[in-house]
1. Could you calculate the contour length gain from A202 to R36, that is, 0.36 nm times the residue separation minus the distance between their Cα atoms, to one decimal place in nm?
2. At a 10 Å Cβ-Cβ cut-off, how would you order I50, I214, fewest neighbours first?
3. Calculate I(q)/I(0) for segment 1-70 by the Debye formula, one identical point scatterer on each C-alpha and no solvent, and give its log10 at q = 0.16, 0.21, 0.24 Å⁻¹ to two decimals.
4. Relative contact order of segment 1-70: what whole-number percent is it, with Cα pairs under 8 angstrom and at least 6 residues apart?
5. Just to be sure I understand the model, the point goes 7 Å from the Cα along the line to the Cβ. What's the resulting R185 to T17 distance in nm?
Amino acid sequence: MYPVVLEPDDNGTLLVTCPDLPEVTTWGEDADDALRHAADAIEEALAARIAHREEIPEPSPSHGRPVPNLQRDKQPAHKVYAEMDQDAPRNLGWRLFVWKNRMLCSPLRYTPWPEDGILRAENWSGDNEALLRGHAGIHARRMPRDWRRAEWRADNELFYAGYAAAAAPNFYGIPTVGIAECWGRVLYGTEGWRAEYARILAVRAPTPEIGLAIERVYPSIKVHFDE
């Protein structure tokens, strides 16, 4: 994601800086250790920027510079994410939502989903190659096994949204996961789909109070409460 610069330090360690995020400075005993520390430092810097409502810069091209892996699995539960349900219908997908202003919203642009749970993508035109290069369409991941227990990993496309919700939930909303079905013009990939239309079928209640509120606003959506 964000490239870093590794430079020998005076005491035999490696100094790590990130040109895109000047506040990031850390070190490591060797290159692998330095990149692990860099990933933690970048995550902390992004969380701080979001909490203070500061600009999140776009990553610059690496140009051969090392790029820390911000998608490291940190808990065993994340392994559930990679265990896709091969028997799940192709038109079903697993995705992130944000509960904000008493509506379920998409996490990056905060697009609210109507009360019938159906959303149509804007600017959904052009050939498949053009659509794949852009960000149009309604996105969803392939179904994991036991989606209610699976943890959504903070990968690139939702990294900012996950940290934003954690840093300032009253401002950015409360994240939760759910199941959607797609139709219309759909682009299927190895990890999920991008569609013209989608309907929310079910969500996991982030709290009992929010779950009840979702049921009131979206009577057609099945809300699952933690047992």
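1. Taking A202 through R36 to full extension adds about 56.1 nm, to one decimal.
2. Numbers: I50 21, I214 25.
Fewest-to-most Cβ neighbours within 10 Å comes out as I50, I214.
3. Relative scattering, expressed as log10 I(q)/I(0), comes to -0.50, -0.82, -1.02.
4. Details: 120 pairs, mean separation 25.8, N = 70.
Relative contact order comes out at 37 percent.
5. With each label point 7 Å from Cα toward Cβ, the separation is 4.7 nm.
Values quoted throughout were computed directly from the atomic coordinates according to the rules given, and no laboratory measurement underlies them. Please read these numbers as outputs of a predicted model, since none were measured by experiment. A quick note on method: Cβ atoms are made from the backbone with ideal geometry, for glycine too, and the neighbour counts reach across all protein chains shown.
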